[in-house]
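Encoded as structure tokens, the structure appears first; notes follow it.
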Amino acid sequence: MGKIVAVHSYKGGTGKTLISLNLAVTLAKMGKKVCLMDLDFRAPSLSILLKIEKAQYWLNDYLNGSCEIDKVMIDLSLRIAEKDRFYVCPANPSIEAIRDITARDRKWEMRALGRLLFLRNALLKDRAFDYVVFDTSPGLQYSAINAIVAADIVLVATTLDSSDVEGTRMILHGLYDLFEKKAEIVLNKVTFLDSVRVGREKLQKMVKDVYSAPLLEAIPCFCEISKAEGKNIFVHEKPDHPFTKIMYEMATKIEKL
Amino acid sequence: MSSSEFLESKKPLQVLEKIKESLERLNEKMEIIIELQKHGQRDAQAIPSEAPLDVMTLLSMPDHLRKTAMAVCRMGRATAEEVAQQTKRARAVESAYLNQLVIMGYLKKERKGRKAYFYIEK
Ligand SMILES: Nc1ncnc2c1ncn2[C@@H]1O[C@H](COP(=O)(O)OP(=O)(O)OP(=O)(O)O)[C@@H](O)[C@H]1O
Ligand SMILES: [Mg+2]
């Protein structure tokens, strides 16, 4: 059966959306059937990045219980020149929808968790998806914790920023461990590009020492990513870029987890 | 019919089954009494009869109960036996934890014939 991967972080802006989108597309290009979901209901990104202006149903509607998941899934396989490989479930970016989400009570969140847990049957089992990738909101928000509980693997995007390091250590033990989730560190925006490749072992040891969690991948800070302004799917537009190579390596490692 | 007549009219295996069933029920009742005592009468009253089992609640639970509650979350509806299979703990242990979660208002319990099912009220 397939796997559910949640991309989470303690702080905002660590690269969750960049990583989840490009990882999902990479897995799809490797022949896997992938569904990418935007669980960042407070600041939805996928609808904007993928230019999905109108949708009959959003992921919000599925969690509300007002439709089934098939109604939310948009087939974007052709955009990455594959067939039946890449689906997206965007979150509703309208101000009303964001306001709605913040007003939910605990009972609603409990039902939403039930519906997220149900995706294992609905997508992995019945529809033979190989991967469901969750892009989440940072920190300890309901939608993020729900995503973590429903996932098999958590990729923790983090930078070497000191405020991020402490918080990441805290959620590793105070959140992922408590739910018995396998957490893998993705060190992003690493500036000392050379040491990433040269001192891989050193980096691995450092991550192990600081987080007591394995380092899945280190991603350097690439100006080309900032320059692209999120206007394209990077790994699709730039197949020969080092970032794309790193994403393939990461996807291959995830296959083996 | 006297009890000796009853015993003679049934096959030994069926009699044993009946005894086992009665013992299981008795055991469950005792577990509930033990849990109630642990909580104390005042504690039990303070706990609402119906509390949502959301992720924040799960996070604040003691580890042993979280494991049981998570298993029910995943399965939606389960017997102590099924939960025990997931958590790899003894059935009697899970039965005690499940009943504790019922007392705390997080789970509901329903009997269907010989089996007791635990579930989350949506
Ligand atoms: N390795 C990198 N090199 C250069 N720019 C990067 C890199 N990783 C992320 N960025 C840039 O950093 C910004 C934040 O990234 P992104 O939106 O993916 O983070 P996020 O964790 O999803 O943020 P939020 O918590 O707000 O959802 C984006 O502009 C993105 O292009
Ligand atoms: Mg994001």
Within the range A:182-193, residues being free of Cβ contacts under 8 Å to residues at least 40 places away in the same chain and either under 15 Å from the mean Cα position of the chain (by Cα) or open to solvent by 20 Å² or more (accessible area, probe 1.4 Å) (or both) number 6
*Kindly indicate whether A:K83 is farther than 19 Å from A:F243 by Cβ and basic (K, R).*
yes
Being open to solvent by 40 Å² or more (accessible area, probe 1.4 Å) and in contact (Cβ under 8 Å) with a residue 24 or more places away in the chain narrows A:K29, A:K54, A:K16 down to just A:K29
Matching residues in the range A:23-61 (part of a helix (DSSP H, G or I) and of a type in the set (D, E, K, R)) number 2
Within the range A:74-97, of all residues that are among the aliphatic types (A, V, I, L, M) and part of a strand (DSSP E or B), the one surrounded by the fewest Cβ atoms within 10 Å (Cβ to Cβ) is A:I74
Given the conditions (1) away from chain B (no Cβ under 14 Å); (2) at pLDDT 95 or above, every one holds for A:A55 apart from (2)
Filtering the range A:9-18 down to residues that are near ligand 1 (Cβ under 9 Å from one of its atoms) and either within 14 Å of chain B (Cβ to nearest Cβ) or assigned to a loop (DSSP other than H, G, I, E, B) (or both) yields A:S9, A:K11, A:G12, A:G13, A:T14, A:G15
_Looking at the range B:112-120, can you tell me whether even one residue there is within 14 Å of chain A (Cβ to nearest Cβ) and closer than 18 Å to A:L117 by Cβ?_
yes
If you go through A:L39, A:L21, the only one that is within 16 Å of ligand 2 (Cβ to nearest atom) and within 14 Å of another protein chain (Cβ to nearest Cβ) is A:L39
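The values are calculated or read from the model by the stated rules, or taken from the named source; none is laboratory data. Quick caveat, the model's predicted, so the values are computed rather than measured. Backbone-built Cβ (ideal geometry, glycine too); neighbour counts: all protein chains shown. To get the accessible areas, we keep the full protein, side chains included, count just its heavy atoms, and leave off ligands, DNA and RNA. Shrake-Rupley method; radii C 1.70, N 1.55, O 1.52, S 1.80 Å.
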